Every structure is written in structure tokens, then in C-alpha cells.
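Q: Questions regarding the structure given below will be posed in turn.
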């Protein structure tokens, strides 16, 4: 009698995400650090999931704000989190996120109230043109 080997199925990997853009601005006088994250995906539910991952990395933010939008089929969320000079462990974030983390030094609020949102929209429009 012959014994047939059992086929072991590979576990499906989580799909790789689009790059997660981030930046931070520290203010030593106020003992506060503001983190900025740009989350993009074609699936709005995945944007919610990624936001949950980010909140898991922020132990206790003072304040967190979100700006949601959509360009063609691409949903985006800008997450702005004020913290008490807290550091985010980028290694743990990269492992939880399963995608590339890209530091974007232009991702910050400026003098004008709509500066950040205008920057994000122009950046995403360029991404849509080049299909990145």
C-alpha cells in the first residue's frame, strides 16, 4: 500500500498596501509632537483598518483629527495626532502595516488652513497620472 504525501497549502499573505506617508513636527517648548499620516487605498474599509493600526501605535494621543476624501477610485485619509513627545516605533508599525513607510517632509500643516489638504490632493493626482 502506498501512502500519498499530504499537500500543505501555503497560507495566504496579506496583500501589500500602498505606501503609508508620514511626518512629524516637534515643538520642544510645548513638549508636544504632531504626527501626520497619509493613508490611501481603493477600498474604504482598508483605510479604516489602517487607521486602527495607527491608533494602536499611538499610546495616548492628546488630540487626533482626520480629514477624509476621495479622488476618482482612491480613498484617502489624513490623520493628524498630537502627542506628549511620544515616539512611534516605526519597526513595529511596518510589521503591522505590511507595506512601505515613506517619510514625506512636505506632509504638515502650514500657515493657510487648507495647505495640507491641497498638498495631498496634488500629490494623489500625480500618483493617479503615473499609476503608482
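Q: So in the stretch 20-130, what percent of DSSP beta bridges are antiparallel if you round to the nearest 5?
A: 90
Q: Then there is this: Can you sort 117, 63 by how many other beta carbons sit within 10 Å, fewest first?
A: Result, fewest neighbours first: 63, 117.
Q: Starting from the Cα gyration tensor of the stretch 33-109, take the square roots of the eigenvalues, sort them a ≥ b ≥ c, and report rounded, prolate or oblate (rounded when a/c is under 1.5, otherwise prolate if a/b is larger than b/c, else oblate).
A: prolate
Q: Given N residues in the chain, what is Rg(Cα) / (2.2 N^0.38 Å)?
A: Expressed relative to 2.2 N^0.38 Å, the Cα Rg reads 1.31.
Q: Would you give the gap between the C-alpha center of the stretch 37-64 and the C-alpha center of the stretch 69-100, rounded to a whole Å?
A: Cα centres, the stretch 37-64 to the stretch 69-100: 5 Å.
Q: Sticking with this structure for a sec: Counting other C-beta atoms within 10 Å, which of 91, 108 has the fewest, and how do the rest follow?
A: Going from least to most buried by this count: 91, 108.
Q: Then there's this: At residue 85 and residue 100, where each label point lies 7 Å from the Cα along Cα→Cβ, what is the point-to-point distance in nanometres?
A: For residue 85 paired with residue 100, the spin-label model returns 3.4 nm.
Q: Calculated FRET efficiency, residue 32 and residue 66, Cβ-Cβ r, R0 25 Å, to nearest 0.05?
A: After rounding, the FRET efficiency stands at 0.85.
Q: In addition: On a 0 to 90° scale, report how tilted helix 44-57 is relative to the longest principal axis of the chain, with both axes built from alpha carbons and the result rounded to the nearest 10.
A: 70
Q: On a 0 to 90 degree scale, rounded to 10, what angle separates helix 115-130 from the longest Cα axis of the chain?
A: Once rounded, one gets 40 degrees.
No lab work stands behind these numbers, since they all come straight from the coordinates. Bear in mind that the values here come from a model prediction, so they are computed numbers and not experimental data. Heads up, the Cβs are rebuilt from the backbone with ideal geometry, glycines too, and the neighbour counts pull from every protein chain shown.
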